[in-house]
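Undergrad: This is the structure I want to talk about, given as C-alpha cells.
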Amino acid sequence: MLESRIARAAAKLWYTKMIYVQQSVPVPRDSPVIVSGADDPDRVLLLGNGPTHGWGTVTHELAMTGQLARALTRRTTRPTDIRYIGDEMMPVAAVQAFIGDTSLAPFDLVLVVLSMNDAVRLTPAEEYRADMVRLLDRLASETKPSARVILAGIQEVDSLPEYRGIAARIGQRRADLLNAITRELVGRYDGFEFFEHSAPQAEPGRPYGSPAMYAQWSDAFASIAAPALDEARALDPYRFTHDLTEHDWQWKPGERVMATADHDALDRLAQEAKQHFGADAAWISLMDGDRQFFVANTAPTGRAVPAETSVCQYTVQGDAPLVIENTFRDERTKDSPMNDVSQLRFYAGAPIKNAAGENIGTFCVLNVMPKSKDSMDEQDLQAWASRAQGEILKLAATAEQPVDRPADQDATV
C-alpha cells in the first residue's frame, strides 16, 4: 500500500509537471459548438479530454470537434452538429460537474473519449469504476432511447510526447486495467459500445497535436460513429428541432467578451501577473451561472470549467481578495476533484465587477506549493484585478453584437 501511495503521488506530480511544461502549446478557447445550420442535422455530444482538448490548435473548427463533424458528414452525407464538453484536466471524477445541467436528450450520439489522465495519474481502479458507473448510468437515463453511446478506449500511453520508458510502462499498465473495466461496464448497457483505437502519427515538429492529426483521429472515430448515427436515426421517427448552444449567459455582455478575438491585452496582463507574483499560473475569468470562463489563462486549461469545482466561486461571493494557503486543506476546496489533477495548492484571487458593481469574474494567481497569506500583498492583487476589470469592461462595451442574438435582446453593460 505504501509503495502504491508513493507511486501514485509521483505519477500525479509528473503529470502536473508535464501539463505546466506545455503552457506555451496553444489550445482552443473559442465556442466548442459546431453548427451546420441545417433543419435536421445529426446531433453529437463529444465528451472528453486528451485529444478532444485540441492541443496544438487555436480553434475547435480545426480541432477534434470540427474535424469530427466534417468526417461524419462525409460518411453519412447528412449535416452534423457537435457540442464538445471537457478539458485536458477533466478526470472521470469531475465529468458529472462538467456536464452540469446540460440536457442530454437532444443528442443522437454521445462519443466519450476519456481516462488518459486517470491512467497516467494511476487513479485507483475502484474509484475509477465507481465514477464510470455513475457516468454510464446518467448517459443511459438521460439520453433518448434511440441514442447511441460510444466509449473510446485509452490510446497508447507512449503516444504522449512526454511519456517514455518507465513512466509509459507504468501508465500503460493502468490504462490496460481501466480499459478492461470500461469494456466490462459498457457491456451492461443497451446501445453502448466500446471502441479500441490507436493514436495517429504526429506531424514532425508538432508532437502535441495538429489539424492533420485530428483529421486522422476523426476519420477513425467516424468509422464506428457514422453507422451508430444511421441506427439512431432509424430508431427515431420523430425528429424534434433543437439548437445546440454552449451557454445561456446571465451577464449578457460576457458572451461578447468571450467571442471577441482580441484578448491580447488580457493575455499580456495574465503573463505579466504570473511573473510579477512568481506564480505557476495566472488567469482572468468570467463567472456566469454554473461555469467559469477563462478570458485569459497561462495554464493549459481550455475555455471553461464547472464553477462548483473552482476556488473562484468563493471569490465572487465576497468583495475582497481571497487568499487560501493550501486548497488541499481548506474546508471549502479540499474535496474538489480538480485538485487531484491540477495540484495547485496556493490560491489568491480578487473579484472583477461590472459597471453596476456586481461581481462577474475573478483575477487569480496560483502556485503548486502552499504559501502563507503574508506572502501576498492584497492591495497589489486588487490593483491587478482592477486593471483586468477595465479591459473586460472595455471589451464588453466595444465588442460586436453576438451571433444569432437580436440586438434588442442584449443587456447593457
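The values are calculated or read from the model by the stated rules, or taken from the named source; none is laboratory data. Keep in mind that what you see is a predicted model, and the values were worked out from it rather than measured. We place every Cβ from the backbone using ideal geometry, glycine too, and count neighbours over all the protein chains shown. These accessible areas exclude ligands, DNA and RNA; they are computed on the full protein's heavy atoms, side chains included. Shrake-Rupley method; radii C 1.70, N 1.55, O 1.52, S 1.80 Å.
Undergrad: Within segment 16-31, does at least one residue satisfy the condition of being farther than 16 Å from Val110 by Cα and touching a strand residue (DSSP E or B) at 6+ places or on another chain (Cβ under 7 Å)?
TA: Step one: of segment 16-31, the residues farther than 16 Å from Val110 by Cα are 16-31.
With touching a strand residue (DSSP E or B) at 6+ places or on another chain (Cβ under 7 Å) added as a condition, the list becomes 29.
The answer is yes, given that some residue of segment 16-31 is farther than 16 Å from Val110 by Cα and touching a strand residue (DSSP E or B) at 6+ places or on another chain (Cβ under 7 Å).
Undergrad: Against the conditions (1) within 30 Å of Gln96 (Cβ to Cβ); (2) open to solvent by 20 Å² or more (accessible area, probe 1.4 Å); (3) not polar (S, T, N, Q), where does Ala383 fall short? Just the number, please.
TA: For Ala383, the failing item is (1).
Undergrad: Just for segment 222-259: of the residues that are in a helix (DSSP H, G or I), aliphatic (A, V, I, L, M) and open to solvent by 30 Å² or more (accessible area, probe 1.4 Å), which one is modelled with the highest pLDDT? Can you show your working first?
TA: Within segment 222-259, the first condition is being in a helix (DSSP H, G or I), and the residues that meet it are 222-234, 253-259.
With aliphatic (A, V, I, L, M) added as a condition, the list becomes 222, 224-226, 228-229, 232, 234, 257-259.
Those still in the list that are open to solvent by 30 Å² or more (accessible area, probe 1.4 Å) too: 234, 259.
Details: Ala234: 96, Ala259: 90.
Only one residue tops the list, namely Ala234.
Undergrad: Does segment 188-201 hold any residues that are farther than 18 Å from Asp158 by Cβ, open to solvent by 30 Å² or more (accessible area, probe 1.4 Å) and part of a loop (DSSP other than H, G, I, E, B), and which are they?
TA: Answer for segment 188-201, where residues must be farther than 18 Å from Asp158 by Cβ, open to solvent by 30 Å² or more (accessible area, probe 1.4 Å) and part of a loop (DSSP other than H, G, I, E, B): Arg188, Tyr189, Asp190.
Undergrad: Let me ask something else. Residues to consider are Ala119, Ala147, Ala175; find the one that is over 28 Å from Lys17 (Cα atoms) and open to solvent by less than 30 Å² (accessible area, probe 1.4 Å).
TA: Details: Ala119 fails: over 28 Å from Lys17 (Cα atoms); Ala175 fails: over 28 Å from Lys17 (Cα atoms).
When all the criteria are applied, what remains is Ala147.
Undergrad: What are the residues in segment 266-311 that are in contact (Cβ under 8 Å) with a residue 12 or more places away in the chain, acidic (Asp, Glu) and surrounded by fewer than 19 Cβ atoms within 10 Å (Cβ to Cβ), if any?
TA: Asp267, Asp290, Glu308
Undergrad: Output the residues belonging to segment 370-399 that are at pLDDT below 95 and within 26 Å of the chain's Cα centre (by Cα).
TA: Leu395, Ala396, Ala399, listed by residue number.
Undergrad: Quick one: would you say Asp219 is closer than 29 Å to Ser24 by Cα, assigned to a helix (DSSP H, G or I) and either open to solvent by 10 Å² or more (accessible area, probe 1.4 Å) or in contact with a Cys (Cβ under 6 Å, 6 or more places away or on another chain) (or both)?
TA: Working: closer than 29 Å to Ser24 by Cα: yes; assigned to a helix (DSSP H, G or I): yes; either open to solvent by 10 Å² or more (accessible area, probe 1.4 Å) or in contact with a Cys (Cβ under 6 Å, 6 or more places away or on another chain) (or both): yes.
In short, yes.
Undergrad: Sticking with this one: Val58 versus (1) free of Cβ contacts under 8 Å to residues at least 12 places away in the same chain; (2) open to solvent by 60 Å² or more (accessible area, probe 1.4 Å): which is the lone unmet condition?
TA: The failed condition is (1).
Undergrad: Within segment 202-212, take every residue that is open to solvent by less than 60 Å² (accessible area, probe 1.4 Å) and over 10 Å from Trp55 (Cα atoms) and give me the one that is modelled with the lowest pLDDT.
TA: Here the residue is Ala202.
Undergrad: A follow-up question, please. Is it the case, given these coordinates, that Gln201 is under 22 Å from the mean Cα position of the chain (by Cα) and more than 25 Å from Arg5 (Cβ to Cβ)? Spell out the reasoning first.
TA: Values: under 22 Å from the mean Cα position of the chain (by Cα): no; more than 25 Å from Arg5 (Cβ to Cβ): yes.
When the stated conditions are applied, Gln201 does not pass them.
Undergrad: How many residues are within 21 Å of the chain's Cα centre (by Cα), assigned to a helix (DSSP H, G or I) and either closer than 28 Å to Ser103 by Cβ or free of Cβ contacts under 8 Å to residues at least 60 places away in the same chain (or both) if we restrict to segment 143-180?
TA: 2
Undergrad: Which residue is farthest from Met90 (Cα to Cα), if the candidates are limited to segment 1-57 and must be of a type in the set (S, T, N, Q), modelled with pLDDT of 90 or more and touching a Pro at 6+ places or on another chain (Cβ under 7 Å)? It would help to see each step written out before you state the result.
TA: Of the residues in segment 1-57, the ones of a type in the set (S, T, N, Q) are 4, 16, 22-24, 31, 36, 49, 52, 57.
Going one step further and asking which of them are modelled with pLDDT of 90 or more, we end up with 31, 36, 49, 52, 57.
Next cut, touching a Pro at 6+ places or on another chain (Cβ under 7 Å) only: 36, 57.
Working: Ser36: 27, Thr57: 19 Å.
The residue in question is Ser36.
Undergrad: I've got another one for you. Name the residue that is surrounded by the most Cβ atoms within 10 Å (Cβ to Cβ), counting only residues in segment 329-379 that are in contact with a helix residue (DSSP H, G or I) (Cβ under 6 Å, 6 or more places away or on another chain) and under 17 Å from Met89 (Cα atoms).
TA: Met338
Undergrad: Ok, one more. Does segment 99-114 include one or more residues that are part of a helix (DSSP H, G or I) and modelled with pLDDT of 95 or more?
TA: The first filter runs over segment 99-114 and keeps only residues part of a helix (DSSP H, G or I), leaving 99.
Now narrow it down to the ones that are modelled with pLDDT of 95 or more: 99.
Yes, because at least one residue in segment 99-114 is part of a helix (DSSP H, G or I) and modelled with pLDDT of 95 or more.
Undergrad: Condition first: over 9 Å from the mean Cα position of the chain (by Cα), more than 16 Å from Thr65 (Cβ to Cβ) and in contact (Cβ under 8 Å) with a residue 60 or more places away in the chain. Now tell me which residues in segment 79-100 satisfy that.
TA: Residues satisfying the conditions are Pro91, Ala93, Ala94, Ala97, Gly100.
Undergrad: Are any residues in segment 8-25 without any contact (Cβ under 8 Å) to a residue 40 or more places away in the chain and in a loop (DSSP other than H, G, I, E, B), and if so, which ones?
TA: We begin by selecting, within segment 8-25, every residue without any contact (Cβ under 8 Å) to a residue 40 or more places away in the chain; these are 9-10, 17, 24.
The one that is without any contact (Cβ under 8 Å) to a residue 40 or more places away in the chain and in a loop (DSSP other than H, G, I, E, B): Ser24.
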